[in-house]
Amino acid sequence: MQEKYLEDNGIEIILGAGIKGATKDSFTIEVDGERKDLFASTLVWTAGVRGNKLMDETFPELAKRGRLVTTQQLTVPRTR
C-alpha cells in the first residue's frame, strides 16, 4: 500500500541497490552489476537496522541509540 502511494506520487523505489558514490548533486548506485547515476539535491539514507555507537559518543546531546535525532524537516534541533 505504501509502495503504491509513493509510486503514484512520482517516487521510484529501487530495491537491492548499493550506493557506490555521492556528490553534492548526484549519486551512483549499482544494481545487478550495472551502475547508474541518479541526479538529486537530496539523498535520504535508509539502510541499516542499528545506529553506530560513535554517534552517541560524539554527540551525546543530539543522538539516541546511535541515531541522530532530527525534526520532521530532517534538521538537527539546537543547531544552526
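The values are calculated or read from the model by the stated rules, or taken from the named source; none is laboratory data. Remember, predicted model here, so these are calculated numbers, not experimental data. Neighbour counts run over all protein chains shown; Cβ positions are idealised from the backbone, glycine included.
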Among the residues of segment 21-44, write down those that are at pLDDT 85 or above and surrounded by 11 or more Cβ atoms within 10 Å (Cβ to Cβ). Gly21, Ala22, Ser26, Phe27, Thr28, Ile29, Glu30, Val31, Arg35, Lys36, Asp37, Leu38
Go through segment 45-74 and give me each residue that's assigned to a loop (DSSP other than H, G, I, E, B), surrounded by 10 or more Cβ atoms within 10 Å (Cβ to Cβ) and among the β-branched types (Val, Ile, Thr). Val69, Thr70
For segment 48-74, what are the residues that are at pLDDT below 80 and among the β-branched types (Val, Ile, Thr)? Val49
From the list Asp8, Asp56, Asp37, which one is of a type outside the set (Lys, Arg) and touching a Ser or Thr at 6+ places or on another chain (Cβ under 6 Å)? Asp37
Taking Gly10 as meeting all but one of (1) surrounded by 10 or more Cβ atoms within 10 Å (Cβ to Cβ); (2) part of a loop (DSSP other than H, G, I, E, B); (3) among the small types (Gly, Ala, Ser), write down the number of the exception. (1)
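Within segment 30-44, how many residues are in a loop (DSSP other than H, G, I, E, B), of a type in the set (D, E, K, R) and either at negative phi or in contact with a Phe, Trp or Tyr (Cβ under 6 Å, 6 or more places away or on another chain) (or both)?
Going through segment 30-44 one residue at a time, the tally reaches 0.
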Between residues in segment 1-25 that are over 14 Å from Ala40 (Cα atoms) and touching a residue at least 12 places away in the same chain (Cβ under 8 Å) and residues that are of a type in the set (Ser, Thr, Tyr) and not in a helix (DSSP H, G or I), which pairs lie under 7 Å by C-beta distance while being six or more apart or on different chains? Lys20/Thr28
